[in-house]
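Here is the structure we will look at.
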Amino acid sequence: MDIYFDNAATTRPFPEVMEKMTEVALNDYGNPSSKHIKGVEAENHIKKTREILSGILKCKDKEIFFTSGATESNNMAIYGAVKAKQRRGKHIITSSVEHASVREPFLKLQEEGFEVTFLPVDASGRVDVESLKSSLRDDTILVSVMYVNNETGAIEPVEEIGEIVKGYNEDILYHVDGVQAFGKMEVVPKRFKADLLSASAHKFHGPKGVGFLYIKEGVRIIPLLEGGGQQNKLRSGTENVPGIAGLGVAADMVYDGDFEERIAKLNELRGHFISRVSEIDDIVINEADGEFQAPHVVSITVNGVKSEVLLHALEEKGIYISSGSACSSNKPGLSFALTAMGVSKDAADSTVRFSFSYESEIAEVDACVDAMKELIPVLRQFVRK
């Protein structure tokens, strides 16, 4: 039986999600902008998911906008905010460990004449808030920081960052990439003074190709797309109704009355994995202090074994892990996050990520570590030759 420990890349959709999507696609297939009953039926699914998300985020229904996923949500937030604020200034701030869908827009904006500050992080990957304080300026218009790092699971100090940013100037827009946090912890954007927050359904057992962007009421951003004027003219295009309905089911299931038990299970899996894998010689666990570490991600450096070699050796045994961010796996070069953390080139080349879901089991962790105990000494011997 396959063992899947790459849930930070994507999760298996809940069966209930697929059932809902099939039902909506086959029966309520009307265009949600149409005025007839078929359109109303489709629109009702969008409204329902907005109600579910607003309850989880403790926000208003009208503050939720649906997108095609994390990349669009992050791009929509960043470019939209910058276009809306560029007359006030051209200084923007992000961290040095962001996902490519945040880092690449900032690099492009830098090419277009915006001044970008990439905040340093400590050895655990957490943003240096003192550096943020010294970086804020009168012409700063946007700060964007991820909630949970997708490679290491480090939880960024998003609440403290929000206090600093808004304490300096309320007009600075604050965006949080919540993709790896949503479904694994409480996500309440107003608690950390976020104006914008991104999430993606396939990270919490929903479908691929759909996500959302929270936009605080009263915040103005410029839309990326022009067309039919859907979603209050901020995201034109006919909505992916089956996907949005599936997103709603997944979110509702994840944050139901058993949420705390699910998080406890993830912490148990993570703790057990770390305990077992530490039995292997010359292994380094790349993690933040307990309260600053997400429950579903473990990054380890297996000295003496290239990450892709170990990945494929485990794959042959039906065990699936990651050598980094799935979205960047087709690009050569070292991990930006690990490099920013001060990890050496050799160590970064030997770093792999294990990420768990609510469906993972202790027995799978034991089977995975047993396989690693068998493989790693052989792989190290082979490399030395």
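The values are calculated or read from the model by the stated rules, or taken from the named source; none is laboratory data. It should be emphasised that the depicted structure is a prediction, and the values quoted were computed from it without experimental measurement. Using ideal geometry, Cβ is built from the backbone for each residue, glycine included, and neighbour counts are taken over all protein chains shown. Surface accessibility is based on the protein's heavy atoms, side chains included, excluding ligands, DNA and RNA. Shrake-Rupley method; radii C 1.70, N 1.55, O 1.52, S 1.80 Å.
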Compute the distribution of all C-alpha to C-alpha distances in the stretch 242-326, in bins of 5 Å from 0, and list the percent of pairs in each, rounded to whole numbers. 3, 11, 15, 19, 18, 14, 11, 7, 2, 0
Zero-based 5 Å bins, Cα pair distances in the stretch 96-197, whole percents: 2, 13, 25, 26, 22, 10, 2, 0
Nitroxide proxy distance, nm - points 7 Å out along Cα→Cβ at residue 54 and residue 87: 3.1 nm
Total charge dipole magnitude, the chain, about the Cα centre, Cβ charges on Lys, Arg, Asp, Glu only, Debye to nearest 20: 1280 debye
Using alpha-carbon positions, the gyration tensor of the stretch 1-117 gives root eigenvalues a ≥ b ≥ c; with a/c under 1.5 called rounded, otherwise prolate if a/b exceeds b/c, else oblate, the class is oblate
Taking a quarter of the surface of the convex hull around the Cα atoms of the stretch 136-176, what do you get in nm²? 2.8 nm²
Please report, as a whole percent, how much of the solvent-accessible surface of the stretch 51-96 comes from carbon and sulfur atoms (probe radius 1.4 Å). 48 percent
Taking +1 at the Cβ of each Lys and Arg and -1 at the Cβ of each Asp and Glu, which of 355, 299, 59 sits farthest along the dipole of the chain towards its positive end, judged by Cα position relative to the Cα centre? 59
Quick one: pull the percentage of alpha-carbon pairs in the stretch 40-80 with a separation above 12 Å. 64 percent
If packing is taken as the average number of other Cβ atoms within 10 Å across a peptide's residues, how do 288-300, 237-249, 257-269 rank, most packed first? 237-249, 288-300, 257-269
Over all alpha-carbon pairs in the chain, figure out the percentage whose distance exceeds 37 Å. 23 percent
Taking all protein chains together and a probe of 1.4 Å, list 102, 378, 309 from the most accessible to the least accessible. 378, 309, 102
Leaving out ligands, DNA and RNA, and with a 1.4 Å probe, what % of the accessible surface on the stretch 118-188 is carbon or sulfur? 44 percent
At a 10 angstrom cut-off on C-beta neighbours, averaged per residue, how do the peptides 132-139, 3-10, 340-347 rank from highest to lowest? 3-10, 340-347, 132-139
Evaluated over the stretch 150-240, the Cα radius of gyration and Dmax, each in Å: 14.6, 40
Over the chain, with neighbouring protein chains present, the accessible area per residue in Å² at probe 1.4 Å is 42 Å²
With no solvent and one point on each alpha carbon, what is the Debye value of log10 I(q)/I(0) for the stretch 263-372 at q = 0.24 Å⁻¹? -1.60
Relative packing of peptides 145-151, 95-101 - highest average C-beta neighbours within 10 Å first: 145-151, 95-101
Magnitude of the Cβ-charge dipole (Lys and Arg +1, Asp and Glu -1) of the stretch 40-115 about the Cα centre, nearest 20 debye, reported as 380 debye
